[in-house]
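The values are calculated or read from the model by the stated rules, or taken from the named source; none is laboratory data. Just so you know, these numbers come straight off a predicted model, no measurement behind them. Neighbour counts run over all protein chains shown; Cβ positions are idealised from the backbone, glycine included. Note: accessible area is taken over every heavy atom of the protein model, side chains too, but ligands, DNA and RNA are not part of it. Shrake-Rupley method; radii C 1.70, N 1.55, O 1.52, S 1.80 Å.
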Amino acid sequence: MKTKSITILGSTGSIGVNTLDIINKNLNIFSIYALIAYGNNIDLMTRQCLQYKPSYACTMNALSAKLLQNNLLSYSCKTSVLFGSKSACQLSSSEDMDTLVAATVGLSGIFFIFSAIESGKKILLANKEVLVSC
(Lines give C-alpha, C1' and ligand atoms only; values in the text may rest on other atoms or scores of the structure.)
Protein backbone atom coordinates (compact mmCIF):
# COMPACT_ATOMS: atom_id res chain seq x y z
CA MET A 1 0.00 0.00 0.00
CA LYS A 2 1.30 3.44 -0.96
CA THR A 3 1.78 5.78 1.99
CA LYS A 4 0.04 9.16 2.18
CA SER A 5 2.64 11.86 1.57
CA ILE A 6 2.31 14.71 4.08
CA THR A 7 3.65 18.25 4.26
CA ILE A 8 3.53 19.84 7.69
CA LEU A 9 3.23 23.61 7.85
CA GLY A 10 4.43 24.60 11.32
CA SER A 11 6.39 21.45 12.11
CA THR A 12 8.27 22.91 15.10
CA GLY A 13 5.20 24.20 16.93
CA SER A 14 3.28 22.13 19.45
CA ILE A 15 0.66 20.95 16.94
CA GLY A 16 3.34 20.10 14.39
CA VAL A 17 5.32 18.14 16.98
CA ASN A 18 2.18 16.24 18.03
CA THR A 19 1.30 15.55 14.39
CA LEU A 20 4.76 14.07 13.83
CA ASP A 21 4.31 11.92 16.93
CA ILE A 22 1.11 10.47 15.46
CA ILE A 23 2.76 9.94 12.08
CA ASN A 24 5.68 8.21 13.80
CA LYS A 25 3.23 5.65 15.18
CA ASN A 26 1.75 5.11 11.70
CA LEU A 27 4.71 5.05 9.32
CA ASN A 28 3.04 2.26 7.36
CA ILE A 29 0.32 4.78 6.40
CA PHE A 30 2.13 8.15 6.25
CA SER A 31 5.41 9.57 5.01
CA ILE A 32 6.74 13.11 5.33
CA TYR A 33 7.27 14.96 2.06
CA ALA A 34 8.19 18.35 3.53
CA LEU A 35 8.55 20.17 6.83
CA ILE A 36 7.91 23.91 6.86
CA ALA A 37 8.65 26.09 9.90
CA TYR A 38 8.37 29.80 10.61
CA GLY A 39 10.49 30.10 13.73
CA ASN A 40 14.13 29.75 14.42
CA ASN A 41 14.08 26.43 16.27
CA ILE A 42 16.73 24.98 13.99
CA ASP A 43 17.82 22.33 16.49
CA LEU A 44 14.31 20.85 16.58
CA MET A 45 13.92 21.06 12.82
CA THR A 46 17.29 19.34 12.41
CA ARG A 47 16.14 16.48 14.66
CA GLN A 48 12.86 16.23 12.74
CA CYS A 49 14.69 16.01 9.41
CA LEU A 50 17.07 13.37 10.71
CA GLN A 51 14.22 11.28 12.09
CA TYR A 52 11.66 11.57 9.26
CA LYS A 53 13.98 12.17 6.29
CA PRO A 54 11.64 14.45 4.35
CA SER A 55 12.49 15.32 0.77
CA TYR A 56 12.38 19.00 1.71
CA ALA A 57 12.63 21.32 4.69
CA CYS A 58 11.73 24.99 4.42
CA THR A 59 12.25 27.95 6.73
CA MET A 60 11.08 31.49 6.21
CA ASN A 61 14.49 33.16 6.14
CA ALA A 62 17.83 32.53 4.51
CA LEU A 63 19.90 32.51 7.70
CA SER A 64 17.78 29.78 9.31
CA ALA A 65 17.92 27.78 6.09
CA LYS A 66 21.72 28.05 5.97
CA LEU A 67 22.04 26.91 9.59
CA LEU A 68 19.68 24.00 8.96
CA GLN A 69 21.51 23.00 5.79
CA ASN A 70 24.86 23.02 7.60
CA ASN A 71 23.44 20.89 10.41
CA LEU A 72 21.96 18.36 7.98
CA LEU A 73 25.13 18.17 5.91
CA SER A 74 27.15 17.34 9.03
CA TYR A 75 24.93 14.23 9.37
CA SER A 76 24.98 13.45 5.62
CA CYS A 77 21.20 14.01 5.51
CA LYS A 78 19.88 14.34 1.95
CA THR A 79 16.92 16.60 2.78
CA SER A 80 16.94 19.63 0.46
CA VAL A 81 16.66 22.91 2.36
CA LEU A 82 14.68 25.83 0.94
CA PHE A 83 13.57 29.17 2.35
CA GLY A 84 10.95 31.83 1.84
CA SER A 85 7.26 32.09 1.09
CA LYS A 86 7.59 31.18 -2.58
CA SER A 87 9.30 27.89 -1.69
CA ALA A 88 6.67 27.16 0.98
CA CYS A 89 3.89 27.75 -1.58
CA GLN A 90 5.58 25.41 -4.05
CA LEU A 91 5.95 22.69 -1.42
CA SER A 92 2.34 23.14 -0.30
CA SER A 93 1.08 22.55 -3.82
CA SER A 94 3.57 19.94 -5.05
CA GLU A 95 2.17 17.07 -7.09
CA ASP A 96 4.45 14.80 -5.05
CA MET A 97 2.41 15.16 -1.86
CA ASP A 98 -1.17 14.33 -0.89
CA THR A 99 -2.03 16.30 2.24
CA LEU A 100 -1.07 19.58 3.90
CA VAL A 101 -1.31 19.71 7.68
CA ALA A 102 -1.69 23.41 8.55
CA ALA A 103 -0.42 23.45 12.12
CA THR A 104 -0.08 27.21 12.32
CA VAL A 105 -1.35 30.01 14.54
CA GLY A 106 -3.89 32.49 13.22
CA LEU A 107 -3.58 33.42 9.58
CA SER A 108 0.17 32.90 9.29
CA GLY A 109 -0.08 30.09 6.74
CA ILE A 110 -2.99 31.36 4.67
CA PHE A 111 -1.07 31.80 1.39
CA PHE A 112 0.41 28.32 1.62
CA ILE A 113 -3.02 26.89 2.39
CA PHE A 114 -4.48 28.66 -0.66
CA SER A 115 -1.70 27.18 -2.81
CA ALA A 116 -2.61 23.71 -1.57
CA ILE A 117 -6.33 24.31 -2.16
CA GLU A 118 -5.70 25.56 -5.71
CA SER A 119 -3.77 22.39 -6.50
CA GLY A 120 -6.49 20.12 -5.11
CA LYS A 121 -4.68 18.94 -1.98
CA LYS A 122 -6.39 17.63 1.13
CA ILE A 123 -6.02 20.25 3.87
CA LEU A 124 -6.01 19.44 7.59
CA LEU A 125 -6.51 22.67 9.52
CA ALA A 126 -5.42 22.90 13.14
CA ASN A 127 -7.19 26.20 13.77
CA LYS A 128 -10.39 27.94 12.71
CA GLU A 129 -9.03 31.41 11.88
CA VAL A 130 -8.46 30.58 8.22
CA LEU A 131 -12.04 29.35 7.83
CA VAL A 132 -13.53 32.31 9.69
CA SER A 133 -11.55 34.92 7.79
CA CYS A 134 -12.34 33.43 4.39
Review point. Within the set of pairs 6 or more residues apart or between chains, which connect a residue that is free of Cβ contacts under 8 Å to residues at least 60 places away in the same chain inside the stretch 28-49 to a residue that is open to solvent by 20 Å² or more (accessible area, probe 1.4 Å) and assigned to a helix (DSSP H, G or I) with Cβ atoms less than 7 Å apart?
Key: ILE32/TYR52; ILE42/LEU67; ILE42/ASN71; THR46/ASN71
Exercise for review: Just need a number here: residues in the stretch 1-16 that are at pLDDT 95 or above and of a type in the set (A, V, I, L, M).
Suggested key: 2
Point to revise | helices (runs of 4 or more DSSP H) fully within the stretch 1-94 counting 1 or more residues that are open to solvent by 10 Å² or more (accessible area, probe 1.4 Å) and aromatic (Phe, Trp, Tyr) | key: 42-52
**Study point:** Single residue of ASP98, ASP43 found to be in contact with a Lys or Arg (Cβ under 8 Å, 6 or more places away or on another chain) and either charged (D, E, K, R) or at pLDDT below 95 (or both)
**Key:** ASP98
Practice item. Say whether the condition of being modelled with pLDDT under 95, closer than 15 Å to LYS4 by Cα and out of contact with any strand residue (DSSP E or B) (no Cβ under 6 Å at 6 or more places or on another chain) is met by at least one residue in the stretch 107-130. Key: yes
Point to revise | Single residue of the stretch 63-95 satisfying the filter (at pLDDT below 95 and in contact with a strand residue (DSSP E or B) (Cβ under 6 Å, 6 or more places away or on another chain)) that is nearest to ASN24 (Cα to Cα) | key: SER92
